[in-house]
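Beneath this line is the structure, given in structure tokens, with notes to follow.
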Amino acid sequence: MKKYYFVIVFLLVLFVIPFRVKAACSYSDKVKFQKIAGNVNFSYNYVDTQYSVIFNITVSNLTNDIYMVDTSTGRTYYSNNEDFIIEGYKPGDTIRFDFYIKDSSCMSQTIFSNYVTLPSYNRFYKNTLCEGIENFDYCQKWFKHNMTYKEFYEGIIAYKNQRTSQVEIPEEKKEWDILIIEFWGKYYLFILLGIIAICMIIMYFYDRKNTL
């Protein structure tokens, strides 16, 4: 009797206490929502501060079927198909966003990940040493480096010295009339003597011809 009693109690418990067996996350669901997550776009802009910049990331195409988590902060973001902006990222950061399905057996699984890498900021690029050599790497706004100011200074000086040594001084261009005047000033005496000698030779042969 006791045996049947326990069986009846067990069956009652099964019927009274509802339960649901969660279906496994299907491959087709993963593929479907991976494509949706892959269509999410990221862009960024920046705001100048006194010594650096702050980046803001704009998120587009995040549908209400999925949500994403910023793994660097742990914050979760939802959207109803509207663009939104996440503020406050530092130069050189690489942010990973993980995507999840909102209502599915795949909720606890990362279906897609995307990365946003922000450019590094060169805190020396506004230095007065960069005047006139703005195209040099050390003077580029987004040049990535770990230099101290001393290393930056020494690099700039070395570059400027190298440029100076490589500059070719062009020869002074002179007009033809100036060249003729200078030539006459140096050699006019020889020219006059040559002309006189030629004239005397011509006169000699002319007189000799007439006397014959």
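The values are calculated or read from the model by the stated rules, or taken from the named source; none is laboratory data. Since we're looking at a predicted model, the values are computed, not measured. As a convention, Cβ positions derive from the backbone with ideal geometry for all residues, glycine included, and neighbour counts pool all protein chains shown. Accessible surface areas use protein heavy atoms only, side chains included; no ligands, DNA or RNA. Shrake-Rupley method; radii C 1.70, N 1.55, O 1.52, S 1.80 Å.
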(request) Give the residue that is least open to solvent (accessible area, probe 1.4 Å), with candidates limited to residues of segment 62-92 that are of a type in the set (Val, Ile, Thr) and either without any contact (Cβ under 8 Å) to a residue 40 or more places away in the chain or not in a strand (DSSP E or B) (or both). (result) Ile86
(message) Of everything in segment 62-77, what is more than 19 Å from Cys106 (Cα to Cα) and acidic (Asp, Glu)? Give them in sequence order.
(response) none
(request) Go over the candidates Ile57, Ile111, Ile95 one by one and state the one that is among the hydrophobic types (A, V, I, L, M, F, W, C) and either touching a helix residue (DSSP H, G or I) at 6+ places or on another chain (Cβ under 6 Å) or on the phi > 0 side of the Ramachandran plot (or both). (result) Ile111
(message) Looking at segment 38-56, can you tell me whether even one residue there is open to solvent by 80 Å² or more (accessible area, probe 1.4 Å), closer than 30 Å to Lys126 by Cβ and part of a loop (DSSP other than H, G, I, E, B)?
(response) yes
(request) Check whether at least one residue in segment 175-193 is part of a helix (DSSP H, G or I) and either touching a Phe, Trp or Tyr at 6+ places or on another chain (Cβ under 9 Å) or at pLDDT 80 or above (or both), and report yes or no. (result) yes
(message) So, Asn122, is that one assigned to a loop (DSSP other than H, G, I, E, B) and farther than 30 Å from Ser26 by Cα or not?
(response) yes
(request) Give me the pairs, please: first residue somewhere in segment 138-163 and under 24 Å from Tyr46 (Cβ atoms) and of a type in the set (S, T, N, Q), second residue anywhere and in a loop (DSSP other than H, G, I, E, B) and open to solvent by less than 50 Å² (accessible area, probe 1.4 Å), beta-carbon distance under 7 Å, and either six or more positions apart or on two chains. (result) Gln140/Asn122
